[in-house]
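S.K.: Here it is, the structure in full.
What follows draws every value from the coordinates through simple rules; no lab data is involved. Predicted, not measured: the structure shown is a model, and the values here were computed from it. Using ideal geometry, Cβ is built from the backbone for each residue, glycine included, and neighbour counts are taken over all protein chains shown.
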Amino acid sequence: KNEVEQSPQNLTAQEGEFITINCSYSVGISALHWLQQHPGGGIVSLFMLSSGKKKHGRLIATINIQEKHSSLHITASHPRDSAVYICAVYSSGSRLTFGEGTQLTVNP
Amino acid sequence: DTAVSQTPKYLVTQMGNDKSIKCEQNLGHDTMYWYKQDSKKFLKIMFSYNNKELIINETVPNRFSPKSPDKAHLNLHINSLELGDSAVYFCASSQDWAAETQYFGPGTRLLVL
């Protein structure tokens, strides 16, 4: 079993919908990282968080350290949000472990 | 103006060859990384260097050898390439090794025939 589990694996939504992607992990962590991988393959760092909540535009990331869970929310989703969203956790110093990603497709 | 650049972008080679992938960052960051993304799109960290010193060396065959001539460069040399080495290799950098935002290069698509 992977130390970092994401759900769902695939998600299809209609434009304008509120989207939630979940990430659960089984190890102690110092921080959690959300990444976005575009259809062309490029990877962008979205958030790095170790507690609470962060917001950037229509994206919101939350983390609950006690429950070992993080969520990435997208409000008013748009077709350009279609991408793979990847959760990664820092544990044991600087070790970085990735989830398998969530493929999001937003239809117009 | 590219923050993290990799060369080449595509690499097609025969089994058994030796090849190198270069990575350069112009962000003034101290830490650089190499990741491998397999055919199932699963990312795994391979190496991390901080100030030219190796700090992460995950379970990677000895055929893979990273080299950091200076803080701005982290190259990946692969000896005796195997079919299973076919993947996309991403370089990244961050200000420091301690859980900072990472900036990714565009990736190098390696195909071993």
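S.K.: Can you list residues whose amide H is under 5 Å from A:Phe47's amide H, if they're 5+ apart or on another chain and H is modeled 1.01 Å from N?
M.R.: A:Trp34
S.K.: Moving to a separate point now. If you place +1 on the Cβ of every Lys and Arg, -1 on the Cβ of every Asp and Glu, and leave all else neutral, what size is the dipole of the protein assembly as shown about its Cα centre, to the nearest 20 Debye?
M.R.: 80 debye
S.K.: Within straight cross-link reach of A:Lys54, meaning Cα distance under 23 Å, which lysines are found once same-chain residues fewer than 8 apart are removed?
M.R.: Once the sequence-local lysines are set aside, what remains near A:Lys54 is A:Lys68.
S.K.: For B:Lys22, list the aspartates and glutamates whose Cα falls under 13 Å from its own Cα; do not include residues on the same chain fewer than 8 positions away.
M.R.: Here the aspartates and glutamates satisfying the reach criterion relative to B:Lys22 are B:Asp70.
S.K.: Could you check which residue among A:Ile63, A:Ile19, A:Ile43 shows the biggest mean-square fluctuation in a GNM of chain A with a 10 Å Cα cutoff?
M.R.: Evaluated over chain A, the most mobile residue of the options is A:Ile43.
S.K.: Once you charge only the Cβ atoms, +1 for Lys and Arg and -1 for Asp and Glu, what is the size of the charge dipole of chain B about its Cα centre, to the nearest 20 debye?
M.R.: That gives chain B a dipole magnitude of about 360 debye.
S.K.: Along Cα→Cβ, 7 Å out, is where each label goes; now give me the distance between the ones at B:Tyr10 and A:Asn64 in nm to one decimal.
M.R.: So the label points at B:Tyr10 and A:Asn64 sit 4.7 nm apart.
S.K.: Put +1 on the Cβ of each Lys and Arg and -1 on the Cβ of each Asp and Glu in chain A; which of A:Gly101, A:Phe47, A:Ala76 then has its Cα farthest toward the positive end of the dipole?
M.R.: Value: A:Phe47.
S.K.: So what J values fall out for the stretch B:3-14 if you push phi through Karplus, 6.51 cos²θ - 1.76 cosθ + 1.60 with θ = phi - 60°, rounded to Hz, Gly and Pro as x?
M.R.: 6, 10, 10, 10, 9, x, 7, 10, 8, 10, 8, 8
S.K.: Could I ask something else about it? Going by how many other Cβ atoms sit within 10 Å of their own, how do B:Phe90, A:Phe18, B:Phe42, B:Phe47 line up, fewest first?
M.R.: A:Phe18, B:Phe42, B:Phe47, B:Phe90
S.K.: Can you tell me the length gained on complete extension of the stretch B:Ser20 to B:Arg109, counting 0.36 nm per residue apart and subtracting the Cα distance?
M.R.: Between B:Ser20 and B:Arg109, full extension yields an extra 30.8 nm.
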